[in-house]
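Read the structure below first, then the notes.
The values are calculated or read from the model by the stated rules, or taken from the named source; none is laboratory data. Quick caveat: nothing in here was measured; it's all calculated off a predicted structure. No Cβ is skipped: glycine too gets one built from the backbone with ideal geometry, and neighbour counts run over all protein chains shown.
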Amino acid sequence: MAEMISTRTREGAWATALLAGAGLLVAAGLVFAATPDKDWPVPPSAAQTKNPVAATEANIAAGKAIFTDKCVKCHGEKGAGDGPMAMMYDPPPADLSEPKMMNSMPDGEIFYKIAEGRAPMPSFKKLLTDEQRWQLVDYVRTLAPKPAPPSKSGSTGKSPRAASH
Ligand code: HEC
């Protein structure tokens with residue numbers, strides 16, 4: 001009799017352990033699924049590369065033509081991530097008009113991301129020349145409102161957020 005009870009208890013313990021294990025796996029899966037979308041790491045050397053193609057009117061216009069040809073279907077006319085094909089993709093195309101994200105992204109980082117892509121975004125390394133990709137950077141820069149010019153004294157209570165990045 002005592003034998004029976006202890007067996008049952010052991011089974012109960014196993015079931016509990018299995019359930020807990022499954023819970024952990026689910027939690028780990030969620031964390032895994034959530035993080036890669038957020039962070040798109042760029043090698044510091046790439047991020048720091050200076051844009052050799054000045055944002056002249058001509059270069060911005062050239063960038064716009066390439067953007068219309070290659071990027072609008074996903075990122076949309078204004079870069080808001082709402083192109084005609086956007087809804088087919090997961091993660092969805094980024095909103096390139098979102099100032100917080102774009103203003104924290106140096107030119108070199110945008111250039112690198114266009115070059116490498118990240119599924120479902122294709123790599124444009126082989127499809128575009130370096131110059132064309134820098135022209136795209138010049139154009140993409142016009143899609144998000146610029147950061148407010150550094151005013152008198154650091155102003156607007158928003159600094160803690162900005163400083164964290
Ligand atoms: C097939 C659809 C598709 C096309 C075409 C495409 N993109 Fe993307 N783009 C995406 C998706 C999806 C993401 C988000 C990828 C991620 O976060 O993993 C993205 C992200 C980006 C980012 C990075 C934003 C961030 O979160 O860091 C930039 C910059 C960008 N795209 C620019 C471009 C430019 C410029 C072109 C045209 C040369 C282009 N994309 C073409 C789908 C596309």
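For region 72-117, the tally of residues that are farther than 20 Å from Leu128 by Cα, among the charged types (D, E, K, R) and either within 14 Å of the chain's Cα centre (by Cα) or part of a helix (DSSP H, G or I) (or both) stands at 4. Just one of (1) within 11 Å of the ligand (Cβ to nearest atom); (2) at pLDDT 95 or above fails for Lys38. It is (2).
Could you grab the pairs with beta carbons closer than 6 Å, sequence gap of 6+ or different chains, first residue in region 56-83 and among the basic types (Lys, Arg), second one at pLDDT 95 or above? The qualifying pairs are Lys64/Tyr139; Lys73/Gly83; Lys73/Pro84; Lys73/Met85; Lys78/Ser97.
Residues that are near the ligand (Cβ under 7 Å from one of its atoms) and of a type in the set (Lys, Arg) were ranked within region 109-141; the one that is nearest to Ala47 (Cα to Cα) is Lys113. Counting only residues that are in contact with an Asp or Glu (Cβ under 6 Å, 6 or more places away or on another chain) and not hydroxyl-bearing (Ser, Thr, Tyr), region 87-136 holds 1 of them. Residue pairs whose Cβ atoms lie under 8 Å apart, sitting 6 or more positions apart in sequence or on different chains, and linking a residue in region 123-150 that is buried (at least 16 other Cβ atoms within 10 Å of the Cβ) and in a helix (DSSP H, G or I) to a partner that is charged (D, E, K, R) and modelled with pLDDT of 95 or more, are Trp134/Asp107; Val137/Asp107; Tyr139/Lys64.
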